[in-house]
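Below is one structure; the comments refer to it alone.
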Amino acid sequence: MREGVPGLERRARLGHREKVIVMQRLAIAAVTVAALLSPALLSPEFANAGDVAMHLENVQPGGRSLADSRPRTHFNMLAAHWIGAGVVSYRVHRLHGSWSAWVRADADVAPDGGTGRWYDGNLAWTGGSDAVQFRTAGAVLRLRSYELWSRVTHPATRRPSEAGSPAIVSRSGWGADEEIVRAKPNYAPAVRLLIVHHTAGANAYSPSQAAAIVRGIELYHVEGNGWNDIGYNYLVDRFGTVYEGRGGGIDRNVIGAHAEGFNSGTAGIALLGNFSRSTPSKAQQAALVTLAAWRLDVAHVDPLSRVVYTSGGNGKFRSGKVVTLRAVSGHRDTGPSECPGTGAYRLLPGLARRVARTGLPKLYSPTVTGALGGSIRFRARLSSALGWTVTIADQSGREVASGTGIGSAVDWTWDSRAARAGRLRWRINALGALEASGALGIVKPDPNPVPPPKPFSLTNLAVMPAVITPNADGSAGSATLSFTLGAAAQVLAQVLDVAGTPLLTLGDELRLAGDNSFEWDAAALPDGRYLLVATATSASGKHVVTKSTAVVVDRTLVGLDAEPRTISPNGDGIADATVFSFSLAESVPVRLDIEQNALVVATVFQGQLGTGPQLLDWDGTRNGVPLPDGTYVAVVTVTDKLGDVQLSLPLEISAVVKPP
């Protein structure tokens with residue numbers, strides 16, 4: 001996830017805003033997870049603790065430096081969650097030893113859709129420890145400590161290669177706890193690229209400790225972060241051992257929780273260790289190459305290709321943003337993170353070239369266009385010139401049609417007008433390459449179709465606008481929560497704060513199937529990040545569906561406008577330029593971009609602006625060259641205590657603008 005940065009080593013060097021916090025053992029706030037409730041499990045020896053257990057502690061930020069705290073439970077892994085834009089650092093007391101150096105906790109906003117500004121810290125291997133101290137710098141409003149004890153037993157055993165895969169330690173092989181998994185896996189239509197991470201923990205671990213680290217990551221991701229399962233699809237230790245991550249099948253397109261906004265259609269590979277300054281071991285690099293070569297070959301993706309991906313939304317790329325990524329990308333390419341660390345990230349281009357040379361020959365990008373009853377075209381690209389065959393077979397395996405050729409491009413068109421109704425199977429084979437296959441089919445129309453029952457569902461939940469900027473007089477605070485029901489349902493819609501406490505009820509009423517909405521006013525809410533939660537309950541009460549979406553209330557930037565909205569930068573003196581106007585409640589960094597089709601085509605301003613009304617001129621050009629006619633969007637981004645907050649408005653550029 002995000003890259004860890006060591007903190008200051010000596011307390012004497014702390015600034016006056018930094019604080020040292022020793023974890024408080026508050027009996028009311030302490031929550032023990034897994035099997036730690038039994039007093040016998042709190043013994044220093046952990047004689048009956050099982051393979052892995054976790055303890056959650058609420059820590060009170062602030063206060064003076066306190067005496068060393070010696071908790072009753074020992075731990076060998078540690079993570080922190082916090083709210084606020086500040087920095088959290090920690091140090092641990094080794095069993096029968098001394099205090100470690102200060103380490104800055106690293107974190108990302110939860111990729112499974114965490115609420116508000118909770119940062120989910122990455123889990124670090126500390127080794128046997130019996131106390132922890134925290135200190136903060138800047139605004140840290142709430143802080144939680146997660147201590148894990150993951151028993152070190154024996155190295156995980158790799159299983160034999162399956163279906164051409166490299167040797168991978170199965171979930172049962174490393175001791176995954178299937179009982180804590182929250183839901184069945186979800187699948188994407190295809191894997192389009194790989195995203196490489198580092199776990200940001202320790203680099204000096206033994207083979208036995210590596211398996212314990214993987215078990216700890218699973219428990220922390222599920223019970224600590226609230227995810228359905230371990231977030232990564234695969235993990236690789238420094239000895240070159242590959243571990244199966246999220247369940248659902250090593251060769252299937254399982255959707256993980258490793259890169260917010262980019263989880264679907266990607267496979268996340270986590271390198272065990274912290275590579276912000278160091279480099280993955282040779283064995284770790286070699287295992288990554290072998291794993292990536294096999295997984296991309298299964299997906300028929302060229303390791304050296306680039307992929308156009310539409311972001312699902314995170315702190316770096318808003319929802320709908322079109323991003324071009326490498327087939328082997330780093331986590332930092334997809335979100336606001338330094339993961340997988342500079343030491344690993346700089347190796348990725350060279351590793352991708354090694355991946356491309358591993359396991360040749362290969363078949364890339366198989367595509368099928370057309371439908372049965374007409375012409376169907378089969379295409380693919382090969383890593384070298386080879387003899388290839390396209391075959392069509394029926395359900396019994398009998399060949400219906402085939403085409404052959406020689407070269408680096410597969411291209412064959414089948415006239416399927418004589419094909420019988422039914423399911424058919426197509427295959428593309430090239431000598432030595434992994435086969436590509438798929439299904440075709442014709443369904444005979446039912447002369448008396450029975451309409452299927454309307455499914456009970458709650459979909460398309462959205463809030464407009466997603467950033468609400470109420471004026472000082474309370475105006476401009478209205479918003480619309482829209483959604484679609486598959487069948488009639490009782491719908492409860494509420495606004496929750498970052499702690500999950502309901503603040504407003506937008507509605508609790510029976511709604512019919514189809515598109516629905518609730519109008520509401522956010523003027524009464526203070527600035528902050530909130531969650532809009534809608535729960536639909538069927539008339540029988542047997543079906544309940546809950547969906548949520550984020551919304552921001554922020555009064556820092558209000559009143560964005562432009563005059564005129566249509567400009568003609570041709571130098572004729574008529575609407576050659578426009579003036580953007582808005583008001584700021586505080587001095588903040590401001591950026592004004594002009595976008596078209598979600599791509600920035602010009603940056604008008606970037607810098608710090610003070611409080612009060614603001615005016616920014618723009619002459620319709622980029623670096624002095626007029627932009628072509630078309631529709632554009634002006635996006636103003638301010639960075640305040642809530643992070644990046646944006647307002648936008650549409651603009652037109654036209655060669656001819658009539659005088660008013």
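The values are calculated or read from the model by the stated rules, or taken from the named source; none is laboratory data. Keep in mind that this is a model prediction, so the values were computed, not measured. A quick note on method: Cβ atoms are made from the backbone with ideal geometry, for glycine too, and the neighbour counts reach across all protein chains shown. Remember, those area values only see protein heavy atoms, side chains included, never the ligands or the DNA or RNA. Shrake-Rupley method; radii C 1.70, N 1.55, O 1.52, S 1.80 Å.
Observations, loosely collected:
- Per residue convex hull volume, Cα atoms of segment 458-518, in Å³: 101
- The order of LYS321, LYS542 by accessible area, most exposed first and with a 1.4 Å probe, is LYS542, LYS321.
- Across segment 237-243, rounded Karplus estimates of 3J(HN,Hα) from the backbone phi angles (6.51 cos²θ - 1.76 cosθ + 1.60, θ = phi - 60°) give 8, 6, 8, x, 7, 9, 10 Hz, Gly and Pro being marked x.
- In Å², nearest 10: area of ARG238 left accessible to a 1.4 Å probe: 90
- Solvent accessible area, Å² - THR342, 1.4 Å probe, full protein context: 70
- If only the Cβ of Lys and Arg carry +1 and only the Cβ of Asp and Glu carry -1, the dipole of segment 195-345 around its Cα centre is close to 400 debye.
- When only the Cβ of Lys, Arg, Asp and Glu is charged (+1, +1, -1, -1), the dipole of the chain relative to its Cα centre reaches about 2080 debye.
- Mean Cα-pair separation over length for segment 562-641, i.e. relative contact order, pairs under 8 Å, 6 or more apart, %: 34
- Sorting 202-209, 83-90, 362-369 by average packing, meaning the other beta carbons within 10 Å per residue, from highest down gives 83-90, 362-369, 202-209.
- Measure of compaction for segment 602-660 (Cα Rg per 2.2 N^0.38 Å): 1.36
- Binning the alpha carbon pair distances of segment 364-419 at 10 angstrom intervals from zero yields the distribution 23, 51, 24, 2, expressed in whole percent.
- Each Lys or Arg adds one and each Asp or Glu subtracts one; over the other residues with Cβ under 11 Å from the Cβ of ALA476, this totals -1.
- With every protein chain in place, segment 345-489: carbon and sulfur % of accessible area (1.4 Å): 54
- Computed over the chain: relative contact order in percent, which uses C-alpha pairs under 8 Å that are six or more apart: 8
- Scanning residues 5 or more positions from HIS197 or on other chains, those with amide H under 5 Å from its amide H are ILE269, ALA270, LEU271, with H placed 1.01 Å from N in the peptide plane.
- Protein heavy-atom surface of segment 526-588, 1.4 angstrom probe: 52% of the accessible area is carbon and sulfur, with nucleic acids and ligands not counted.
- (1) 16, 33, 21, 13, 7, 4, 3, 2, 1, 0; (2) 16, 42, 35, 7, 0; (3) 12, 21, 20, 31, 15, 1, with the label sought being that of the calculated P(r) over Cα pairs in 20 Å bins from 0, in percent: (2)
- Each listed q (0.15, 0.23 Å⁻¹) maps to a log10 I(q)/I(0) for segment 508-553 from the Debye sum over equal C-alpha point scatterers, namely -0.53, -0.96.
- Charge dipole of segment 510-660 about the Cα centre (unit charges at C-beta), most positive-ward option of LEU512, VAL558, GLY630: LEU512
- Selection among GLY86, LEU148, GLY620 by position relative to the dipole of the chain gives LEU148 as farthest towards the positive end (Cβ unit charges, Cα centre).
- The solvent-accessible area of GLU519, taken with every protein chain present and a 1.4 Å probe, is close to 120 Å².
- At q = 0.16, 0.18, 0.19, 0.20 Å⁻¹, base-10 log of I(q)/I(0) for segment 184-309 (Debye sum, equal scatterers on each alpha carbon): -0.77, -0.97, -1.08, -1.19
- Heavy-atom accessible area order for VAL242, VAL600, largest first, 1.4 Å probe: VAL600, VAL242
- Tensor-based shape of segment 501-660 (alpha-carbon gyration tensor, a/c under 1.5 rounded, otherwise prolate or oblate): prolate
- Residue among GLY320, LEU461, PRO280 farthest towards the positive dipole end of the chain, charges placed on Cβ: PRO280
- In the context of the full set of protein chains, residues of the chain present 45 Å² of accessible surface per residue (probe radius 1.4 Å, heavy atoms only).
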